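The numbers here are math on the coordinates, done by the rules we state, and not lab data. From a predicted model like this one, the values you see are computed outputs, not experimental measurements. Every residue, glycine among them, receives a Cβ derived from its backbone with ideal geometry; neighbour counts consider all protein chains shown.
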Ligand code: G6Q
């Protein structure tokens with residue numbers, strides 16, 4: 001992070017430390033309009049923040065001093081910005097709608113390959129949706145089970161739920177991720193083997209959880225349908241690893257590929273989205289990509305002062321590094337977005353949860369906020385208390401849609417009233433004087449006073465559609481990118497995930513071996529011994 005540019009931000013925090021959001025609003029009647037903007041179907045009101053023009057200027061300087069413009073271009077043009085893995089970062093190519101664009105990696109244009117896979121996914125999902133694809137016994141597919149984990153699961157899960165109104169209602173979609181056998185077993189209770197398609201989604205096709213679940217599902221299917229030949233009609237793969245796919249027994253004709261320049265947590269618009277495409281159809285899937293693309297273009301071309309991902313990123317940095325806010329909350333006021341916070345958790349925390357900078361040196365500032373959230377209004381009746389009156393500063397993003405897909409009486413008005421009211425209460429609070437005026441008993445006033453001055457962003461769209469969902473995901477992807485650039489960390493590797501994958505293998509052999517090595521620490525050895533005893537080994 002550029003020290004000098006940050007110093008200016010820090011000075012302004014000091015200078016305005018006694019100024020509240022309420023005072024900022026009192027000073028400037030145009031504030032709401034000034035600190036709002038629209039992009040790709042989304043309206044962002046960021047006026048309820050501890051900012052003024054001067055602060056935004058200083059924050060933008062921070063972005064400029066990080067060479068953000070050049071970094072954005074590097075990403076979009078396929079430079080190998082994921083340097084620790086020697087890879088380009090090109091999820092934007094997956095939704096690039098500019099038919100003339102050439103995006104080269106190692107001198108080769110990736111766009112023909114992207115279009116080819118998309119077309120193959122479209123043809124395949126058509127045959128599933130229209131019933132031309134028949135299962136082993138000649139029946140059409142009614143159930144789709146995506147087996148994958150992390151980046152090969154969270155995106156499809158989130159988007160399938162988010163786009164429920166667009167899904168084929170006479171089909172059912174399931175997502176098995178956890179290696180906990182309960183996850184698979186409960187799913188298999190819901191489906192019929194002769195009408196089920198399993199999509200094994202794994203970039204590497206070696207991930208323990210996914211491969212174990214896939215093998216178990218294969219055994220179940222073969223047992224139910226009485227022949228190994230059934231596998232070809234009920235299993236397809238999404239992967240970058242053709243050999244491993246073939247070894248598993250899936251015909252590589254039924255493998256939908258992607259590339260090492262698609263990071264797991266950014267892979268929803270790749271073939272990893274196959275289950276989603278089957279659910280919503282290729283045209284709606286195209287609209288999703290269009291939404292992504294609109295936000296991509298906005299991010300790449302808008303000046304920073306009017307650039308939504310840049311603004312969200314800078315505000316996040318202001319609170320995280322300037323005010324010591326360790327976490328931030330994403331609060332979608334839309335039931336269909338209930339898995340959106342979990343999806344963002346991975347995108348953000350796996351990307352920027354890094355403690356060394358690009359030179360391999362320990363960072364001298366904190367990075368990667370802890371991200372969490374729940375759909376409104378449920379959260380209001382649980383953890384909002386702490387946000388309103390607790391001792392932590394927790395900036396929040398509120399997300400809402402003006403129109404519901406399911407109008408029922410005045411429920412939607414009530415939902416949105418709650419969203420707007422929460423941002424109002426958090427920003428403006430309630431003073432002791434106001435409490436007194438309302439007749440609150442003197443001794444209760446400290447408990448009923450709300451400090452306010454709690455920062456929020458509000459994101460509004462007309463309706464949650466494939467297009468606006470795509471734009472929303474791209475908005476956060478680019479926000480995370482900008483923060484990674486400013487923190488000078490590598491956002492596209494995940495060595496922490498890799499370590500866990502390796503360690504689990506060693507422990508597993510000690511859980512199951514006749515003679516375990518027990519070469520672990522005393523605590524881990526004790527836990528292994530206790531487990532072995534309980535299961536009779
Ligand atoms: C995401 C991570 C990680 C990954 C899973 C699944 O960015 O790399 O969450 O997606 O570990 O990996 P596979 O797709 O290779 O099974």
### Message
Taking the Cα centroid of the range 343-363 and of the range 453-477, what is the distance between the two, rounded to the nearest whole Å?
### Response
23
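Give, in nm to one decimal, the length gained when the segment between residue 212 and residue 518 is fully stretched (0.36 nm per residue of separation minus the Cα-Cα distance).
So the extension gain works out to 107.8 nm.
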### Query
Can you give the extra length, in nm with one decimal, that the chain gains between residue 462 and residue 14 once fully stretched, where that is 0.36 nm per residue apart less the Cα-Cα distance?
157.4 nm
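For the range 168-270, what relative contact order do you get, as a whole percent, if you take Cα pairs closer than 8 Å and at least 6 residues apart?
Reported as a whole number, the value is 24 percent.
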### Task
Can you grab the distance from the C-alpha centre of the range 137-187 to the C-alpha centre of the range 243-307, Å, no decimals?
17
### C-alpha center-to-center spacing [the range 381-398, the range 490-504] in angstrom
31
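Over all alpha-carbon pairs in the range 275-350, figure out the percentage whose distance exceeds 14 Å.
Details: 2147 of 2850 pairs.
Result: 75 percent of Cα pairs exceed 14 Å.
What does the extension gain come out to for residue 109 and residue 534, with contour length at 0.36 nm per residue minus their alpha carbon separation?
Once the chain is fully extended between residue 109 and residue 534, it gains 147.4 nm.
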## Note on the structure
For the range 307-460, averaging the sequence separation of alpha carbon pairs under 8 Å that lie six or more residues apart and dividing by its residue count, the contact order in percent is 26
### Task
Assuming 1.567 mPa s and 4 °C, estimate D for the chain with Stokes-Einstein, Rh taken as the Kirkwood radius over Cα pairs, in µm²/s.
51
### Query
Rg/Rh for the range 93-135: what does it come to with C-alpha atoms and Rh from Kirkwood?
1.17
### Message
Can you compute the helix-only [θ] at 222 nm over the chain? Use -39500 (n - 2.57) per DSSP H run of at least 4 residues, normalise by all residues, nearest 500 deg cm²/dmol.
### Response
-14500 deg cm²/dmol
## Note on the structure
For the chain, the longest principal axis of the Cα atoms and the Cα long axis of helix 522-534 enclose an angle in degrees, to the nearest 10, of 50
### Query
Looking at the range 230-279, what % of the alpha carbon pairs are farther apart than 13 Å?
57
### Task
Please determine, in degrees from 0 to 90 and to the nearest 10, the orientation of helix 466-487 with respect to the longest principal axis defined by the Cα atoms of the chain, where the helix direction is its Cα long axis.
70
### Query
Using Cα atoms only, what is the angle between the long axis of helix 208-225 and the major principal axis of the chain, expressed in degrees (0 to 90) to the nearest 10?
40
### Message
Using only the Cα atoms of the range 23-178, what semi-axes does the equivalent ellipsoid have when each is the square root of 5 times a gyration tensor eigenvalue? Give whole Å, largest first.
### Response
41, 26, 15
### Task
Could you line up 491, 66, 382 from fewest to most neighbouring Cβ atoms inside 10 Å?
382, 66, 491
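Stokes-Einstein D for the range 208-311 at 20 °C, 1.002 mPa s, Kirkwood Rh over Cα pairs, in µm²/s? Could the numbers behind the result be given before it?
Values: Rh = 16.4 Å.
D, rounded to a whole number, is 131 µm²/s.
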### Summary
Relative contact order in percent for the chain (Cα pairs under 8 Å, 6+ apart) equals 19
